[in-house]
Amino acid sequence: MAGIDYSERIPNNVGLSDNRRLQRALEDWQPKFLDWWMEMGPNGFQAKETYLRTAVSVDAQGWAQFDYVKMPEYRWGLFLAEREPGRTIGFGDHMGAPAWQDVPREYRGVLRRLIVTQGDTEPASVEQQRHLGQTCPSLYDLRNLFQINVEEGRHLWAMVYLLDAYFGRDGREESEALLQRRSGDRDKPRILGAFNEKTPDWLSYLMFTYFTDRDGKYQLASLAESGFDPLSRTCRFMLTEEAHHLFVGEAGIGRVVQRTCELMRESRTDDLRRLGGIDLATLQRYINFHYSVSLDLFGSEISTNAANFYTMGLKGRFEEGKKRDDHRLKDTTYSLNELDGDRITAREAPALPSLNERLRDDYIADCQRGLDRWNQIIEKHGIGQELRLPHRGFHRAIGLFAEVKVSPDGRVVSEAEWDAKKHEWLPTEADERYIQSLMQPVTQIGRFANWIAPPARGVNGRPIDFEYVRLA
Ligand code: BYC
């Protein structure tokens, strides 16, 4: 199953032409997807040629081919990672049984819900980012934005394939509903909190791709462990695309930090606003916001849903296969936070319902790695400041910490202290106005906005001053 058949209306490596019913369902959905894309996808650039990568096969060598494409002509398709012969379920009550090639009837509802929740985030992020093209800091960044957008569109296709192929009429209804909900809409919002927030500027976007896309990495990796083999295979392929999104966030914020440090060094001041830069204190507030809303995406510390997903063999832990334990977790514990009045303490809790927190811990450690790299840039410039991840309890709306106010350094604080300090901890209206004032489009080939440094290298061996999007 190496190559992908591009002669078909829907490129795929799932043998779509052998399954007429599914083919009809998806061909019926395709124009609705395109209508949604034209209405809610990148605003103003649909007719422009963009240097994009498209999957041509799913093996390690051939999954990315670069060429100029107009976004509505991008070949969205269905690509699953290769099937592993003899794959067995790696955890939970069914451990050791052959992986399911069809949906186990008793888990149908739960599985559908997981797939819908995952699927819902994909179009949501495209909607959140739809106006950013107008204020791009460079053609290079514009192209990366569009690459991410088309791939989030493809990730929606990936989930719709599972719904249509395995969940019959219910699945088709869910596929329609995925195109009907809208990010931030009061009446029909997207399912998860962070996907209803605005992404009004490029700093927010880079933070989103670093922090929120990283939730995607951890959730997809957990679903890639699933005993439901088609879900596992589709998530495994999505993860290869996801890596680029995370790169855009990490390298992008790194470039902002780099430019900030250059301006600080040149001007010998922390006050960069009159120089058109983004000061470290503002960056810290944006980190605090995006990190905390992304932490909420992992759900509550104690979750019977999470325990059930695992016991049923539907959603594993991050890198389940590499863990050396019984993969059932019925007799083990995990350390969780607890609130004792205004103190945050730790306790041992049963491991199964603590799985959301365990995944959040893996995520936090991964987030810290980027912070360390950004701090190295600051250090290299001889600047004695540091960016930090706030405490996990800071600014939370889901779980234990939703009940209290916690400072970035991890103290439970009074409402009065929170109100007095929150403008130091979270982006203020003045910050947002200032960041918005920087959002002037830079579209000359090879030029970059003043607030962000150029990247170390271009895309696919192309130079930085390459015409990544043909605007003329
Ligand atoms: N907002 O038992 P609990 C990505 C709900 S990102 C609103 O603690 P559970 C991407 C919850 O649904 C990855 N509601 O939660 C990134 C539940 O509702 P019910 C997306 C929330 O179920 C960037 C109730 O509260 N993929 O791919 O253990 C760009 C009790 O919650 C939230 C997935 O999320 C929230 N933040 O865990 C593009 C994977 N949190 O049942 C793409 C699939 C919880 O009481 N989803 N609730 O009505 C899951 O695994 C789980 O649904 C969650 C929640 C981890 C999200």
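General remarks:
- Selected residue (only one of 126, 160 is closer than 19 Å to residue 190 by Cβ, in contact with a helix residue (DSSP H, G or I) (Cβ under 7 Å, 6 or more places away or on another chain), more than 14 Å from the ligand (Cβ to nearest atom) and open to solvent by less than 10 Å² (accessible area, probe 1.4 Å)): 160
- Restricting attention to the stretch 208-235 and to residues that are of a type in the set (S, T, N, Q) and more than 27 Å from residue 197 (Cβ to Cβ), the residue that is surrounded by the fewest Cβ atoms within 10 Å (Cβ to Cβ) turns out to be 232.
- Evaluated against (1) farther than 27 Å from residue 152 by Cβ; (2) among the acidic types (Asp, Glu); (3) assigned to a helix (DSSP H, G or I), residue 93 falls short on exactly one condition, (3).
- Number of positions in the stretch 276-309 that are more than 17 Å from the chain's Cα centre (by Cα), within 16 Å of the ligand (Cβ to nearest atom) and either open to solvent by 20 Å² or more (accessible area, probe 1.4 Å) or among the charged types (D, E, K, R) (or both): 7
- Any hit, the stretch 48-70, residues being among the β-branched types (Val, Ile, Thr), closer than 27 Å to residue 322 by Cβ and either open to solvent by 20 Å² or more (accessible area, probe 1.4 Å) or at pLDDT below 95 (or both): yes
- Pairing each residue of the stretch 105-133 that is under 14 Å from residue 183 (Cβ atoms) with any residue that is among the β-branched types (Val, Ile, Thr) and within 8 Å of the ligand (Cβ to nearest atom), provided the two are 6+ apart or on different chains, yields C-beta distances under 7 Å for 120/191.
- Among the residues making up the stretch 176-203, those that are more than 11 Å from the ligand (Cβ to nearest atom), in a helix (DSSP H, G or I) and within 25 Å of residue 164 (Cβ to Cβ) are 176, 177, 178, 179, 180.
Every residue, every condition in (1) exposed (fewer than 13 other Cβ atoms within 10 Å of the Cβ); (2) in contact with a strand residue (DSSP E or B) (Cβ under 9 Å, 6 or more places away or on another chain); (3) closer than 30 Å to residue 395 by Cβ, yes or no:
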{"residue": "423", "(1), (2), (3)": "no, no, yes"}
{"residue": "429", "(1), (2), (3)": "yes, no, yes"}
{"residue": "432", "(1), (2), (3)": "no, no, yes"}
{"residue": "435", "(1), (2), (3)": "no, no, yes"}
{"residue": "444", "(1), (2), (3)": "yes, no, no"}
{"residue": "453", "(1), (2), (3)": "no, no, yes"}
{"residue": "456", "(1), (2), (3)": "yes, no, no"}
{"residue": "463", "(1), (2), (3)": "yes, no, no"}
{"residue": "467", "(1), (2), (3)": "no, yes, no"}
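- Residue match in the stretch 111-123 (condition: surrounded by 16 or more Cβ atoms within 10 Å (Cβ to Cβ), hydroxyl-bearing (Ser, Thr, Tyr) and within 24 Å of residue 320 (Cβ to Cβ)): yes
- Condition check for residue 152: open to solvent by 40 Å² or more (accessible area, probe 1.4 Å) and either within 14 Å of the chain's Cα centre (by Cα) or more than 11 Å from the ligand (Cβ to nearest atom) (or both): no
- Qualifying position, being part of a helix (DSSP H, G or I), closer than 26 Å to residue 252 by Cβ and free of Cβ contacts under 8 Å to residues at least 60 places away in the same chain, among 206, 220, 156, 145: 206
The values are calculated or read from the model by the stated rules, or taken from the named source; none is laboratory data. Keep in mind that this is a model prediction, so the values were computed, not measured. All Cβ positions, glycine included, derive from the backbone under ideal geometry; neighbour counts span all protein chains shown. Keep in mind that these areas ignore ligands, DNA and RNA; they rest on the heavy atoms of the full protein, side chains included. Shrake-Rupley method; radii C 1.70, N 1.55, O 1.52, S 1.80 Å.
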